[in-house]
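Report on one structure; see the data block that follows.
The values are calculated or read from the model by the stated rules, or taken from the named source; none is laboratory data. This structure is a prediction, so every number in the text was calculated from the model and none was measured. Note that each Cβ is placed from the backbone with ideal geometry, even for glycine, and that neighbours are counted across all protein chains shown. Quick note on the areas: whole protein, heavy atoms, side chains included, nothing else; ligands and nucleic acids left out. Shrake-Rupley method; radii C 1.70, N 1.55, O 1.52, S 1.80 Å.
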Amino acid sequence: MKKFTYSALLLAGAMMLSAASMAQLKADFSAIAVQGDLTYVTLGKAVPVYATPDPIYHPSWAAGVTTPTANLTVGFTWTFTVAPADLGKVTLSQVPANLNYVQITGVTLGGPYAINVKEIAPAAFGGCSDLGINFNVQVTGVPTAAMTGGLVAPWLVDAPTATGTHAHICGNTAAENLSVAFTEAGVPAATLASYAYFVQKRIVNIDVADVEDVPSIVLSTLADRTTTAKYKATSGFEVISTGPLNVLANKRTKYTFTISKASNLPGTTADGIVSGISQKSDYVAANGVPTLTQITTYPFTAGSTTVEYIVNPSPVTGPVYHISNIFAY
């Protein structure tokens, strides 16, 4: 028997994949190149895979034209099995049963978890099969991100708040660096770690009691990593310059930096981060390539979504008064 070509999703699949989804098979799925290659799925999510049917026995089957389970010769079946040592760490749902399509759900963080798939001919064709294709599934942790601010200048740091850190300084100061650090267990940073999020810069004048002068508020974008243009985090974090932190309008000036969900996600989407792997892992639930409303966000690390710097004008010492030396007693 010939080896079967096995293809695995780059973005994921559905309980019963629609004809519209199947028109994108060639774009959405990528062939596993060698025995033992990996496919990744976020913990608690599912990804679909399918085995290409043997072209001699299934001459009418065509990826990108039909669904994975359409135009198969009657009687042929496929078995997807998890290695005994990995049972329960991933679960398999073969839909329809015995055919060449399966959904794999990540149950236990870690891997690689070994799976084998083989095509089996019916008795009328000899009931034979080869050894099949072996591939692995890596179950990754849910992504998160934490933003912290550099303190190169002699800042006075306040006690941490529920959302982040605050610091004060006197007089204009050079730019500081914000660091957005990513956590996603099991994702190889050098090749697959990518993230969608948004960082806003807010500047406002405040008085001595920290009351804001609302008309002075200026909002701007510091970093815009959309779901279609994620940041490639090859080092596990991104460093973003704040720009100069200066006193404006000769008043106390507050700079607030906030990390939030990607700017292209709709307002109804919960705040949080999206990774390349987590977005791929939305494919099954979305019944195809997820729309913006179907992308899952994951909460940012608590206490690390804002960094605030307050730049204070240095006090100007006024005239000194004394009793005149020619005071008449």
Regarding Asn287, is this residue among the polar types (S, T, N, Q), over 18 Å from the mean Cα position of the chain (by Cα), at pLDDT below 95 and open to solvent by 20 Å² or more (accessible area, probe 1.4 Å)? yes
Filter segment 127-152 for residues that are small (Gly, Ala, Ser), free of Cβ contacts under 8 Å to residues at least 40 places away in the same chain and farther than 30 Å from Gly186 by Cβ and give the result. Gly127
Considering only segment 299-329, how many residues are among the aromatic types (Phe, Trp, Tyr) and buried (at least 19 other Cβ atoms within 10 Å of the Cβ)? 2
Please determine whether any residue of segment 100-113 is at pLDDT below 95, in a loop (DSSP other than H, G, I, E, B), buried (at least 17 other Cβ atoms within 10 Å of the Cβ) and at negative phi. yes
Being touching a helix residue (DSSP H, G or I) at 6+ places or on another chain (Cβ under 9 Å), among the aliphatic types (A, V, I, L, M) and touching a residue at least 24 places away in the same chain (Cβ under 8 Å) is the requirement here; does Val187 meet it? yes
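Let's see how each residue does on (1) farther than 29 Å from Ile32 by Cα; (2) of a type in the set (A, V, I, L, M):
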| residue | (1), (2) |
| --- | --- |
| Ile104 | no, yes |
| Thr108 | no, no |
| Val117 | no, yes |
| Ala121 | no, yes |
| Asn134 | no, no |
| Val139 | no, yes |
| Gly150 | yes, no |
| Pro154 | yes, no |
| Asp158 | yes, no |
Selected residue [part of a loop (DSSP other than H, G, I, E, B), among the hydrophobic types (A, V, I, L, M, F, W, C) and farther than 30 Å from Gly243 by Cα] from Val316, Val284, Val320: Val320
Of all residues in segment 263-284 being modelled with pLDDT of 95 or more and among the aliphatic types (A, V, I, L, M), which is surrounded by the fewest Cβ atoms within 10 Å (Cβ to Cβ)? Ala270
What are the pairs, 6+ residues apart or on separate chains, where a residue within segment 73-93 that is assigned by the TED database to the domain that holds Ala121 and at pLDDT 95 or above has its Cβ under 6 Å from a residue that is assigned to a strand (DSSP E or B) and aromatic (Phe, Trp, Tyr)? Asp86/Tyr113; Lys89/Tyr113; Val90/Tyr113; Leu92/Phe80
By my count, strands (runs of 3 or more DSSP E) wholly in segment 126-215 with at least 3 residues that are among the β-branched types (Val, Ile, Thr) and more than 30 Å from Gln279 (Cβ to Cβ) are 194-206
Hits in segment 247-262 (condition: surrounded by 15 or more Cβ atoms within 10 Å (Cβ to Cβ) and either out of contact with any Pro (no Cβ under 8 Å at 6 or more places or on another chain) or part of a loop (DSSP other than H, G, I, E, B) (or both)): Val247, Leu248, Thr253, Lys254, Tyr255, Thr256, Phe257, Thr258, Ile259, Ser260, Lys261, Ala262
Regarding Gly132, is this residue on the phi > 0 side of the Ramachandran plot, open to solvent by less than 30 Å² (accessible area, probe 1.4 Å) and not hydrophobic (A, V, I, L, M, F, W, C)? yes
It is to be established whether one or more residues within segment 290-302 are assigned by the TED database to the domain that holds Gln200, aliphatic (A, V, I, L, M), in a strand (DSSP E or B) and under 21 Å from Thr163 (Cβ atoms). no
For Leu87, indicate whether it is open to solvent by 40 Å² or more (accessible area, probe 1.4 Å) and closer than 16 Å to Leu43 by Cα. yes
Tally the residues that are assigned to a loop (DSSP other than H, G, I, E, B) and basic (Lys, Arg), restricting the search to segment 114-125. 0
